[in-house]
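The values are calculated or read from the model by the stated rules, or taken from the named source; none is laboratory data. Keep in mind that this is a model prediction, so the values were computed, not measured. Cβ placement follows ideal geometry from the backbone for every residue including glycine, while neighbour counts extend to all protein chains displayed. Protein only, heavy atoms only, side chains kept; ligands, DNA and RNA dropped before computing areas. Shrake-Rupley method; radii C 1.70, N 1.55, O 1.52, S 1.80 Å.
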Amino acid sequence: MTDPRQRPRRGQGELEALVLSALREADGPATAGWVQERLGGDLAYTTVITILTRLLGKGAVTRERVGRSFTWTSASDQAGLAAHKMRKVLDAETDRGAVLASFVTGLGPDDERLLRDLLDQAHGEGEG
């Protein structure tokens, strides 16, 4: 029989997504305590602070000092956080061209078309 006090371990990415989601639901800047409460209180306060600090380092949240603590605001959605991770991986490689080529050749037709459309829009060639 398993111990009911033991919860399944969640991955860092899952916790980050939960914290970002909670911050996006806030009416404005939120405290770490508010985030902890919003997530059901099953995370330790220190865990919430650790996740918020990691997200701050990734540019996904901002913080502002209020008294002796901080309030936190989502600066990025889940897509922005994923894009940051992709750039970080790309920046760590020495042959960016090879990495991008491998990525692009692995795309399916729908994703390839979407990527072409997005690149056209980014370069102002979306017309026509």
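Let me spell it out: the conditions are (1) small (Gly, Ala, Ser); (2) open to solvent by 70 Å² or more (accessible area, probe 1.4 Å); (3) touching a residue at least 40 places away in the same chain (Cβ under 8 Å), and Ala92 meets all of them except one. Which number is the exception?
Unmet condition: (3).
For the stretch 25-45, name all the residues that are farther than 14 Å from Thr73 by Cβ and either of a type in the set (Asp, Glu) or more than 19 Å from the chain's Cα centre (by Cα) (or both).
Result: Gly33, Glu37, Gly40, Gly41, Asp42, Ala44, Tyr45.
Give the residue, chosen from Glu14, Glu64, that is surrounded by fewer than 12 Cβ atoms within 10 Å (Cβ to Cβ), at pLDDT 95 or above and not in a loop (DSSP other than H, G, I, E, B).
On the way: Glu14 fails: at pLDDT 95 or above.
Among Glu14, Glu64, only Glu64 is surrounded by fewer than 12 Cβ atoms within 10 Å (Cβ to Cβ), at pLDDT 95 or above and not in a loop (DSSP other than H, G, I, E, B).
In the set Leu52, Leu90, Leu107, which member is out of contact with any Ser or Thr (no Cβ under 9 Å at 6 or more places or on another chain) and at pLDDT 95 or above?
Working: Leu90 fails: at pLDDT 95 or above; Leu107 fails: at pLDDT 95 or above.
Being out of contact with any Ser or Thr (no Cβ under 9 Å at 6 or more places or on another chain) and at pLDDT 95 or above holds for just one of Leu52, Leu90, Leu107, which is Leu52.
Please state which of the following conditions Ala82 fails to meet, knowing it meets all the rest: (1) part of a helix (DSSP H, G or I); (2) open to solvent by less than 70 Å² (accessible area, probe 1.4 Å); (3) over 21 Å from Ala17 (Cβ atoms).
(3)
Is it the case that the stretch 107-118 has a residue that's within 23 Å of Lys58 (Cα to Cα), part of a helix (DSSP H, G or I) and among the hydrophobic types (A, V, I, L, M, F, W, C)?
Going residue by residue through the stretch 107-118, those that are within 23 Å of Lys58 (Cα to Cα) are none.
No, the stretch 107-118 has no match at all.
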